[in-house]
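Visitor: The structure under discussion is supplied below as structure tokens; questions concerning it will follow.
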Amino acid sequence: MESSPRREMLDRRNAQTKQLQTAVSNVEKHFGELCQIFAAYVRKTARLRDKADLLVNEINAYAATETPHLKLGLMNFADEFAKLQDYRQAEVERLEAKVVEPLKTYGTIVKMKRDDLKATLTARNREAKQLTQLERTRQRNPSDRHVIAETELQRAAMDASRTSRHLEETINNFERQKMKDIKTIFSEFITIEMLFHGKALEVYTAAYQNIQNIDEDEDLEVFRNSLYAPDYSSRLDIVRANSKSPLQRSLSAKCVSGTGQQEAGWATTCQTLIQRAMPFSYLAFRI
């Protein structure tokens, strides 16, 4: 009748081992999925950084063709947006180191726990085999031969008990470390994202202000002037006209009013006076 309690104990241990197997398999499955999804998240973030770099280059290329205020605003925006990509690069590197890599290590950890489970199951199977052999021996020949089987069973039971205690201790440590790692990994993820988005808010605020500071009226005036700008000779005439001093304009008027023989004399005199007045007029214009 001793075999019945031993059989029950063996069944309880087997049920416990199956529960531990389920716990390890659960971690293996979901940690693997988390690792793959977080890795994809990081790759997407890196691709977003690359696309943003292309956008910065295009904004700068376009800004070079525009009117002064729009050009300055776009270039300042591009500078801020480029700065944001530096922060995004730091985000990518931190996520890889603090989130993806720790999850990857669980592949090795789970493999070690499976080896422990395998050793425990081997010991349990040996115990079960010895117990079955003992029960058969007692049924067939209730002589002292069952003592040998009893001894073998005790050895197998001791081995199974030792491996069970080791497995239980190992799994307890595994569960404790798993919960600690989950808290650390997700806390790191949240911290990294908060840091990036905090910096992003600062950068986007500056970028928004740069766009709002673009003077539309000034640039529109520049654009209109470029449409109706006179040619070089006309502009030169305007400059020369505006550069005449009051003395020059007075002399020119007198020269025009001269008639007959006086006109030739006046022309020579006016020409001489105007030439003498030119340096002073030019100096006044330059000032």
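Visitor: Could you order the peptides 169-176, 218-225 from most to least packed, using the average number of other C-beta atoms within 10 Å per residue?
Guide: Packing order, densest peptide first, comes out as 169-176, 218-225.
Visitor: Go ahead and collect, in residue order, the members of the range 66-81 whose backbone nitrogen is under 11 Å from a label point 7 Å along the Cα-Cβ direction of Val222.
Guide: Only 66-74 fall inside the zone, counting backbone N under 11 Å.
Visitor: Right, here's the next one. Compute the distance from the alpha-carbon center of the range 208-222 to that of the range 178-196, in whole Å.
Guide: Using only Cα atoms to place each centre, the spacing works out to 43 Å.
Visitor: Tell me, what is the FRET efficiency for Thr105 and Asn172 to the nearest 0.05, using R0 = 30 angstrom and their Cβ-Cβ distance as r?
Guide: Calculated value: 0.95.
Visitor: Additional query: Add +1 for every Lys or Arg and -1 for every Asp or Glu among the other residues with Cβ under 12 Å from the Cβ of Lys178, and state the total.
Guide: Details: positive: Lys113, Arg176, Lys180, Lys183; negative: Glu28, Glu175, Asp181.
The answer is +1.
Visitor: Suppose R0 equals 35 Å. What FRET efficiency, 1/(1 + (r/R0)^6) with r the Cβ-Cβ distance, do Gln19 and Glu188 give to the nearest 0.05? Intermediate values should be presented prior to the final figure.
Guide: On the way: r = 30 Å, r/R0 = 0.87.
Rounded to the nearest 0.05, the efficiency is 0.70.
Visitor: Ranked from the most accessible area to the least, with a 1.4 Å probe and all protein chains present, what is the order of Met194, Met112?
Guide: On the way: Met194 130, Met112 105 Å².
Of Met194, Met112, the descending order of accessible area is Met194, Met112.
Visitor: So how far apart, in nm, are the two label points at Gln89 and Tyr208 if each is 7 Å from Cα heading toward Cβ?
Guide: Roughly 2.7 nm, to one decimal.
Visitor: Along Cα→Cβ, 7 Å out, is where each label goes; now give me the distance between the ones at Thr45 and Glu96 in nm to one decimal.
Guide: Using points 7 Å along Cα→Cβ, the separation is 1.2 nm.
Visitor: Now a separate question. Within 14 Å, Cβ to Cβ, of Lys44, how many net charges do the neighbouring residues add up to if Lys/Arg are +1 and Asp/Glu are -1?
Guide: Values: positive: Arg43, Arg47, Arg49, Lys51, Arg88; negative: Asp50, Glu91, Glu96, Glu193.
Around Lys44, the charge tally is +1.
The values are calculated or read from the model by the stated rules, or taken from the named source; none is laboratory data. Treat the numbers as computed from the prediction; the structure is a model and nothing was measured. Reconstructed Cβ throughout: ideal geometry from the backbone, glycine too, with neighbour counts over all protein chains shown. What goes into the accessible areas is simple: the full protein's heavy atoms, side chains included, and nothing from ligands, DNA or RNA. Shrake-Rupley method; radii C 1.70, N 1.55, O 1.52, S 1.80 Å.
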